[in-house]
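Just so it is clear, none of the values below were taken in a lab; they were calculated from the coordinates. Keep in mind that this is a model prediction, so the values were computed, not measured. Cβ coordinates were reconstructed from backbone atoms using ideal geometry, including for glycine residues, and neighbour counts include every protein chain displayed.
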């Protein structure tokens, strides 16, 4: 289980600031979130970075550990 925290557009799509899900890698988390929230979340995730511990990544093979932050581009960036 991993604590997922959402920011900006990801929080808007999820309708909440975070939740706990079952995923072992960034790619698996992307699949779980797409299945749960649909095409809008898939679009957000496709441009997001993921903060795992102190590592910022976009690599789907990265293990997520106990917490991951979903970070879409902020302020058009």
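Extending each Cα 7 Å along its Cβ direction at residue 46 and residue 24, get the distance between those two points in nm, one decimal.
2.7 nm
How do 59, 69 rank when sorted from fewest to most other Cβ atoms within 10 Å of their own Cβ? Before the final figure, lay out each step's value.
Working: 59 11, 69 17.
Ascending Cβ contact count within 10 Å gives the list 59, 69.
Among 12, 54, 22, whose mean-square fluctuation peaks in a Gaussian network model of the chain (Cα, cutoff 10 Å)?
Greatest mean-square fluctuation among the candidates belongs to 54.
For the chain, what is the mean residue ellipticity at 222 nm derived from helices alone (per DSSP H run of n ≥ 4: -39500 (n - 2.57); sum divided by total residues; nearest 500 deg cm²/dmol)? Before the final figure, lay out each step's value.
Values: 3 runs with 27 residues, N = 77.
Result for the chain, helices only: -10000 deg cm²/dmol.
Relative contact order for the chain: what is it in percent, counting Cα pairs under 8 Å that are at least 6 residues apart?
40 percent
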